[in-house]
Each structure stands twice: as structure tokens, then as C-alpha cells.
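Data first, discussion second: the structure below is written as C-alpha cells.
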Amino acid sequence: EVLSSLRKCWNQIVIDAEEGEKKSTTIIETAGGVLSPSSSSPLNHQTNRSLSSSGSRSGMPNSTPKWKWSTQADLYSSLQIPVVFVGDPKLGGISVTLASLEALWSRGYHVDAVVFIEAAKTNSENDREGDIHFGEGNTEALREYIAMKSLRTGKKLIAQDSIVCLPELPPMPIPLNEWYESNEGSFLALHDLLWKRWNSRLIRQPSIS
């Protein structure tokens, strides 16, 4: 159901854009990690996917799990859509980010950008770590890793200017309006880079079946 709905919406967006002769950027936002269970699975249409064939909860004695779920990365792979990945800006986030990227690459995804958002610190972290910004550090570390991997493999993976770090979000419940406005230049620059990349790859198709 998720894929069929996406294809229907996407096809209509393409039709509207062509009739109006306008550029159109469609963003599909997912929740959770790339290997998190997807919101639906083509293999299971039951409301509760954790039930066994006997009706008991999976994990109980003598029950066989019948989840039949798929990861988000597997679910969306047939759409062949490029990815803007939101990296983990916290301490230890380099490993999480790299593991996610490898999972996407292994499934044939084009990862066109990685965006970090500087992590908010707790009072204890501020006392202990001073002015360390892990988001900026993870951004630089990823750029270096991608450059080395590209040289080693001969593949152009992610452009250096498409790995960016945005400032920390304001604390709740402050609205994000000012944060968006203050970073508008970064958003527009990244969008221009991505649009050129998408256009050169000719991902726009008259229909997606």
C-alpha cells in the first residue's frame, strides 16, 4: 500500500510539473533508521505483524514468528530514488552513519548528500566537553572517509560539498521559523547541487510503474 500510494502521488506530481513546465522537487521523509521495520510489508498485510500462525505472540514457547516484515531500505529500493541521509551528530555517530550508508549502498541507492544537525548538549556534557561540536567533527570525519573510499574504489560516492552540518535546533517549544530562515542559504545551495545531480542522472521519468 505504501509503495502504490507513493507511485500514484509521484506520477501525478510529474504530470502537474510537466503541464506547468516547472521544476518540482519531491521529498519522501521516512522515520527511524534505514534498517528499521517499514510501515508496511509486501509479504504481510495483517494488522498485528508480531503474531505467530497459531495466534500467540512471537517469542512465546513453541511459537514460530510470522512478522514477514521488511526494512525501510528494502521497501523503497524498487523506487530507485536518490537519498539525502541525515547523519548522527552525536558522540559515536560516525559508526552509525557509516553503517547506514553501507546498508544503502549495498542495496543500490545513490546517496547524494549527508546532512548533520549539530546535537544539543546536556549540562553534564557542557561541563565535561567544553566547546566540542560533535556534529562538525562527524561531518569532517565523514568527508575524509568518503574521499579515501572514493580513491580506493574509484567510485564517486558523495561530493564533499554535499556533506554539510547545520546549526543546533532551538530547544522545544521554540518554533523552527527563525532556524529555517537563518539557514535558508545553506538549504538553497544544497538544493541547487542536488537538482543538478538529479537532472544529470535523468531520474525524472514520465511514470513509475
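Each reported figure results from applying straightforward, stated rules to the coordinates on display, with no laboratory input. Keep in mind it's a predicted model, so treat the numbers as computed, not measured. Glycine also receives a Cβ, built like all others from the backbone with ideal geometry; neighbour counts cover every protein chain displayed.
For the reader, a short list of remarks on this structure follows.
- Zone residues, segment 82-99, relative to Trp198, backbone N less than 18 Å from point 7 Å out along Cα-to-Cβ: 82-86
- Taking label points 7 Å from Cα along the Cα-to-Cβ direction, Ser106 and Val84 give a separation of 2.7 nm.
- Extension gain for Glu168-Ser36 works out to 45.0 nm (0.36 nm per residue, less the C-alpha to C-alpha distance).
- With each label modelled as a point 7 angstrom along the Cα→C-beta vector, the Glu18-Ser182 pair spans 4.4 nm.
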